[in-house]
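As structure tokens, the structure follows; a few thoughts come after it.
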Amino acid sequence: MLKQVNRMALTVIAGLSLGSCKLPDVNLATPEPLEVNLNMRLDVYQFTGDAPKDAEKAKTIAEAAERRRNRSSEIQELKNNRLVGEDHRGLLHVREVPGGKWGERVKQAVQEENDDRTLLMREEARKREMTVFDIQQENWKQAIAKAYKGEWVEIPGEKEGTFKWVQAEGPKEKSPAAPAPENKAAAEPKKDDSAAKPAAR
């Protein structure tokens with residue numbers, strides 16, 4: 001019983017002492033409105049694909065052209081073996097992959113050739129202020145015209161926007177040059193106009 005009285009007394013004393021303590025006033029209001037600074041930076045980048053940097057552009061373009069020249073006999077061999085063909089985008093297309101390491105080399109050679117062709121077509125489009133699509137169309141038509149007999153080429157299909165693979169009939173022979181028109185003045189006999197001139201005395 002005494003313990004309970006003591007506990008109650010302590011509780012009352014603690015409550016009284018806390019009630020007599022004054023806590024400091026905390027001003028939650030701000031004297032000035034809050035200022036929020038929002039700085040945004042917008043960077044705009046133009047995607048140029050795998051186009052070379054300006055400093056290296058000329059070197060890269062020249063190297064791509066050189067690589068194509070060095071690779072031309074290998075590409076022709078792949079065409080002769082009917083493993084690859086010229087597609088409507090002006091690029092090579094693997095039509096048949098041989099087995100083993102040669103098959104891997106065929107895929108690698110075609111990828112390297114197409115990378116260089118794409119780089120050169122983009123540069124050509126930039127220089128001539130044309131679309132890459134237009135340059136692709138030009139290269140495709142040239143490839144069809146130059147294809148040897150039996151090589152695979154892609155040509156327009158029956159429906160618009162479709163294509164089909166055919167074997168080329170061979171390069172078109174150039175028609176012989178038309179003969180130069182004859183010079184009329186040289187061909188016609190000269191008129192004798194001595195009769196029209198008065199005789200010298």
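Derivation of every value follows stated rules applied to the coordinates shown; laboratory data play no part. Computed from a prediction, not measured in an experiment: that's the story for all the values here. Positions of Cβ are generated from backbone atoms using ideal geometry, with glycine treated the same way; all protein chains shown enter the neighbour counts.
Odds and ends about this structure:
- Lys-Lys pairs in the stretch 54-167 that are eight or more residues apart or on separate chains and whose Cα atoms lie under 14 Å of each other come to 4.
- The stretch 54-167 - percent relative contact order, Cα under 8 Å, separation 6 or more: 28 percent
- Segment Gln167-Ser72, length gained on full extension (0.36 nm per residue, minus Cα span): 32.2 nm
- Counting beta carbons within 10 Å around each of Phe133, Phe163 and listing the fewest first gives the order Phe133, Phe163.
- Rounded to 0.05, the FRET efficiency of the Arg105 and Gln142 pair, given R0 = 30 Å and the Cβ-Cβ distance, is 0.70.
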